[in-house]
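For reference, the structure is listed below as structure tokens.
The values are calculated or read from the model by the stated rules, or taken from the named source; none is laboratory data. Please read these numbers as outputs of a predicted model, since none were measured by experiment. Note that each Cβ is placed from the backbone with ideal geometry, even for glycine, and that neighbours are counted across all protein chains shown. Protein only, heavy atoms only, side chains kept; ligands, DNA and RNA dropped before computing areas. Shrake-Rupley method; radii C 1.70, N 1.55, O 1.52, S 1.80 Å.
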Amino acid sequence: MTLLDLQGLTKAYPGVVANSDISFAIGKGQIHALLGENGAGKSTLVKTIYGLVRPDAGTMTLEGAPFTPTDPRAARAAGIAMVFQHFSLFDALTVAENIALGMENPPKQRELAQRIREVSENYGLPLSPDRIVGDLSAGERQRVEIIRCLLQDPKLLIMDEPTSVLTPQEVEILFGTLRLLASEGTSILYISHKLEEIRALCEHATVLRLGKVVGTCDPRETTSRDMAELMVGTTLMTPKRDGEALGDDVLVIEGLTAPAPHQFGTALKNVCVSVKSGEVLGIGGVAGNGQDELVAALSGEMPVDAAMVALDGQAIGDLDPNTRRKIGLCAAPEERNGHAAAPDMTLTENALMTAKTRLGLSKNGFLDWPSARDFALSVIEGFDVRTPGPETAARALSGGNLQKFVIGREILQKPRVLVVNQPTWGVDASAAAAIRQALLDLAGEGSAVVVISQDLDEILEIADRFAALNEGTLSPAVPTAGLTMERIGLMLGGAHDMEAAHVEA
Amino acid sequence: MLRLEKRPQPSKNWSYGAPLLAVVLTIILGMGLFAILGKDPVIAIKTIFWDPVFGQFAHFYRPEVVKKAAPLVLIAVGLSFGFRAGIWNIGAEGQYIIGAICGAGVALAVYPYDTRWVLFPLMIVAGALGGFLWAMIPALLRVFFKTNEILVSLMLVYVAEVLIKAFSIGLLRNPEGYGMPGSRNLRQYPAAANLDLISGTGFHWGALTAVFAVVVAYVMFTRHQFGFNVRLAGQSPRAAGFAGVNANKLIIVCLGLSGAMAGLAGLFEVAGPSGQILGSFPSYYGFTAIIVAFLGRLNPIGILLAGLLMALTYIGGQAAEAQLNLPSAAILTFQGMLLFCLLAVDVLTNYRFKIGKAEVR
């Protein structure tokens, strides 16, 4: 039986057709995957269903009746609920207060707390309504969002990239909940680009590319590679490396300890690891376990004791970022807008921002703009950054293009050590493959590369050794060859001691 | 429905066009104001904007405009560094007063020493140092105790005002002044006087310094690492930290620089147009310079033009008060309109108007 039927949905923006004649149906109690790269039109489509976007053409039918939500409130009233990729929670409030904030007519706090407990028990989502959200892990925060949705008794639950912040064990708990919901008749529209998960969870998949439906399949009977190629439209290249020769230790981190830089930060506890010349070290972990702090301690934004970080035997832990760049350590933080790049500045200015030291773009304090521009151009050309030119403001670039620019800017400086955090976050599959290949090439030339990522597939693909970051502590590094997902999950701290309460499905 | 939409890039045309549009809007609104007050709006605007530069008595007004503009430009250029970096020195008026006290204090201490090439440079150094040290109070409090530099620098203005009153009837009072408040007149002390470099133009050492400051600031912002760091810190503080800009150092340098330049302006004023340390010496140049800095879009060339325009509204405003019998409050209102209009049209640089309903992409 069909719950929601989409017919010929079309939505155009100036210069781009986000959705073109999209038709498919979601059955009652079905877990339906929506697959596609960034920019394929998934977001526009779910925003249409959720009442945030009005389509130019096409119709939606919910349980046989025409469905034209004018705003999210109307969509919620009709039984559509959505868990966004980015949480909208207030750190300083409790779980119950956060949930009450999102409700039309919130009941009394005590009643609400009771209902939160019931729902969390029924669906295997352990969560205490009295806890402060700032103290919760990413997985628990997501539970807050899910429970917020479940309190509305939705007919359709939309989940946008829900597992990007979860450990494998937390993913299992989530899947249990979703299967239970589906068995009770709730339909789920599951958006992701992680194919293995979709194969494990979903019964039906619709694949989008460039705003069009390019195929449907049963994920349980289709290989990941086939689905990926359907998504990308071409044969995917797998990053590969040549030259396996590892050299001496280049970067040595010894007993790196640092207090949390701010209230909701993470303290680093006795981090010890070393990276050899030509080696790629992958550091996995769920967001908020010290990744930002580790990058800051390595880039020089958060100076630590000199002896805690050494490059080619030289203690550099107390040096500022530019002195470290001079010695050969470059970094690319996770947040592109406002951290790795200044959004209101041009690409030339952004290129100069980190490259001035190593490329000598600043003489006696005076800036060499022509050379900076040339360097920006070489990054744009070398990394296929789609932009009108180096005088474009960084904020005008799409996330993926800016990421290619930021990574390219650091790689073209030929650093001895490159530290990158989430190098392919929000980047489409072919660009991600290009970035990974570039990182491998840099290692192939004898640099040491540290890749911090929440995408475990990415780490397994390019890293020689793997270490897990969990609550500011780094596990010993182990070779990635022969590493299983279960082993990695345990290294990442399992489900953070939050086993499923009553998963019955 | 009319709504604002963020531009993907700041508009180059509007960043130059907005101040011009603001001036035009101010003139239109000002004409309305003067008409309500029962004056002929065209004559009022002509008296303010045209007569001081091109009118019958322009030879009298023009030097006055230069003398007014010099301290405004000098202070505003100094402030523009901090403002671009997101460091808000609201107390330039205080640094201006302290600079005047220190610079004049040096001259009065050695009176009647008469070797100008020793004394005058010393006064300049003392003036700059006075303003610098006064600005160090909010700077160091901010760096070490995270106080708000806006409040501290502003409150220090009132301290400086009390200080200059105390000095004018105490330590620096003219011993030959028959007990009247106020110091000796430095204009009548040849070794210390800041007189016109070309007689009758109003172009004194302070004006020369202001022009020099505009040129140096322009080079700093467009070609030098320091100007780049300032802009980066103002636009994206985290990116600045990543690029290796030391935030605390920047606070000290920016506040110190703007304080020193305000101090210089105070020294040139007390040794020149004003002449005396007196309770009535403060003339709100330090506050008006904030308007000038924003009117000039924190761009040195823009600040030069804005300083001249602002000085013109002062001199023209005084002329209008005298000739048309306009109340001085009307002139102040008129100047306020200028800043208000500028802020209002400023939005057009980063946003554009769109007709239609907003939509989420």
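Looking across B:L298, B:L312, B:L304, B:L339, one residue alone is at pLDDT below 90, aliphatic (A, V, I, L, M) and open to solvent by 10 Å² or more (accessible area, probe 1.4 Å). It is B:L339. On inspection, A:N401 does not qualify as within 14 Å of chain B (Cβ to nearest Cβ) and modelled with pLDDT of 95 or more. Within the stretch A:273-282, is even one residue part of a loop (DSSP other than H, G, I, E, B), among the polar types (S, T, N, Q) and out of contact with any strand residue (DSSP E or B) (no Cβ under 6 Å at 6 or more places or on another chain)? No - not one qualifying residue is present in the stretch A:273-282. Of the residues making up the stretch A:294-313, those that are within 14 Å of chain B (Cβ to nearest Cβ) and surrounded by fewer than 21 Cβ atoms within 10 Å (Cβ to Cβ) are A:M302, A:P303. Can you name the residue in the stretch A:314-340 that is of a type in the set (D, E, K, R) and touching a residue at least 12 places away in the same chain (Cβ under 8 Å) and is also nearest to the other protein chains (Cβ to nearest Cβ) among such residues? Going through the qualifying residues, I end up with A:D320. In the stretch A:253-290, the qualifying residues are those that are charged (D, E, K, R) and under 21 Å from A:E445 (Cα atoms), and the one that is surrounded by the most Cβ atoms within 10 Å (Cβ to Cβ) is A:E279. Applying the criterion of being assigned to a helix (DSSP H, G or I) and within 14 Å of another protein chain (Cβ to nearest Cβ) to the residues of the stretch B:8-28, the residue that is nearest to B:I331 (Cα to Cα) is B:S15.
Can you run down the residue pairs with Cβ atoms below 6 Å, 6 or more apart or on separate chains, where the first is in the stretch B:240-252 and more than 11 Å from every other protein chain (Cβ to nearest Cβ) and the partner is β-branched (V, I, T) and surrounded by 22 or more Cβ atoms within 10 Å (Cβ to Cβ)? Here the result reads B:I251/B:I87, each pair linking the stretch B:240-252 to a residue that is β-branched (V, I, T) and surrounded by 22 or more Cβ atoms within 10 Å (Cβ to Cβ).
Kindly evaluate A:G365 against the criterion of being touching a helix residue (DSSP H, G or I) at 6+ places or on another chain (Cβ under 7 Å), open to solvent by 10 Å² or more (accessible area, probe 1.4 Å), under 18 Å from B:A243 (Cα atoms) and free of Cβ contacts under 8 Å to residues at least 12 places away in the same chain. Considered against the rule, which asks whether it is touching a helix residue (DSSP H, G or I) at 6+ places or on another chain (Cβ under 7 Å), open to solvent by 10 Å² or more (accessible area, probe 1.4 Å), under 18 Å from B:A243 (Cα atoms) and free of Cβ contacts under 8 Å to residues at least 12 places away in the same chain, A:G365 comes out as yes. The set of residues from the stretch B:220-230 being assigned to a helix (DSSP H, G or I) and either outside the structural domain of B:L255 (by TED's automatic domain parsing) or not aromatic (F, W, Y) (or both) comprises B:M220, B:T222, B:R223, B:Q225, B:G227, B:N229, B:V230. Going by the structure shown, is A:N270 modelled with pLDDT of 85 or more, more than 26 Å from the chain's Cα centre (by Cα) and farther than 24 Å from A:L490 by Cβ? No, not satisfied.
Checking each residue of the stretch A:86-93 against the condition of being in contact with an Asp or Glu (Cβ under 9 Å, 6 or more places away or on another chain) and either of a type in the set (S, T, Y) or modelled with pLDDT of 90 or more (or both) gives at least one match.
Among the residues of this structure, A:L157 does not count as one that is assigned by TED's automatic domain parsing to the domain that holds A:M103, over 23 Å from the mean Cα position of the chain (by Cα) and open to solvent by less than 10 Å² (accessible area, probe 1.4 Å). Checked against the criteria, B:G259 counts as more than 14 Å from chain A (Cβ to nearest Cβ) and open to solvent by less than 40 Å² (accessible area, probe 1.4 Å). Return the residues of the stretch B:185-205 that are closer than 24 Å to B:R62 by Cβ and open to solvent by less than 30 Å² (accessible area, probe 1.4 Å); say none if nothing qualifies. The answer is B:L186, B:A193, B:N194, B:G202, B:H204.
How many of the residues in the stretch A:106-130 are open to solvent by less than 90 Å² (accessible area, probe 1.4 Å) and assigned to a loop (DSSP other than H, G, I, E, B)? Number of matching residues: 9.
Residue count for the stretch A:341-362 under the criterion of being farther than 19 Å from B:V219 by Cα, open to solvent by less than 40 Å² (accessible area, probe 1.4 Å), facing chain B (nearest Cβ under 9 Å) and more than 27 Å from the chain's Cα centre (by Cα): the result is 0.
Take B:L208 and decide whether it is closer than 19 Å to B:R116 by Cβ, in a helix (DSSP H, G or I), more than 14 Å from every other protein chain (Cβ to nearest Cβ) and open to solvent by 50 Å² or more (accessible area, probe 1.4 Å). Against the criterion (closer than 19 Å to B:R116 by Cβ, in a helix (DSSP H, G or I), more than 14 Å from every other protein chain (Cβ to nearest Cβ) and open to solvent by 50 Å² or more (accessible area, probe 1.4 Å)), B:L208 qualifies.
May I ask you to list the residues in the stretch A:10-31 that are away from every other protein chain (no Cβ under 14 Å) and either under 20 Å from A:S192 (Cβ atoms) or open to solvent by 50 Å² or more (accessible area, probe 1.4 Å) (or both)? A:D21, A:I22, A:F24, A:A25, A:I26, A:G27, A:K28, A:G29, A:Q30, A:I31 - these are the residues of the stretch A:10-31 that are away from every other protein chain (no Cβ under 14 Å) and either under 20 Å from A:S192 (Cβ atoms) or open to solvent by 50 Å² or more (accessible area, probe 1.4 Å) (or both). Going through (1) of a type outside the set (S, T, Y); (2) open to solvent by 10 Å² or more (accessible area, probe 1.4 Å); (3) under 29 Å from B:T209 (Cβ atoms); (4) not assigned by TED's automatic domain parsing to the domain that holds B:Q235 one by one, B:A22 falls short only on (2). Screening the candidates B:V66, B:V106, B:V118 for the property of being in a helix (DSSP H, G or I), touching a Phe, Trp or Tyr at 6+ places or on another chain (Cβ under 8 Å) and farther than 28 Å from B:Q225 by Cα yields one hit, B:V66.
With a requirement of 3 or more residues that are farther than 15 Å from A:I188 by Cβ, the strands (runs of 3 or more DSSP E) lying completely within the stretch A:28-99 that satisfy it span A:57-62.
Applying the criterion of being away from every other protein chain (no Cβ under 14 Å) and farther than 17 Å from A:K212 by Cα to the residues of the stretch A:33-65, the residue that is least open to solvent (accessible area, probe 1.4 Å) is A:L62.
Working only within the stretch B:72-103, note down all residues that are among the β-branched types (V, I, T) and either at pLDDT below 95 or in a loop (DSSP other than H, G, I, E, B) (or both). Across the stretch B:72-103, the qualifying residues are B:I87, B:I90. β-branched (V, I, T) and within 18 Å of the chain's Cα centre (by Cα) - does that describe any residue in the stretch B:78-89? Yes - at least one qualifying residue is present in the stretch B:78-89.
Going by what's in this entry, would B:G182 be described as part of a loop (DSSP other than H, G, I, E, B), touching a residue at least 40 places away in the same chain (Cβ under 8 Å) and open to solvent by less than 40 Å² (accessible area, probe 1.4 Å)? In short, yes. When you look at A:D384, is it at positive phi, of a type outside the set (G, A, S) and more than 9 Å from chain B (Cβ to nearest Cβ), yes or no? When the stated conditions are applied, A:D384 passes them.
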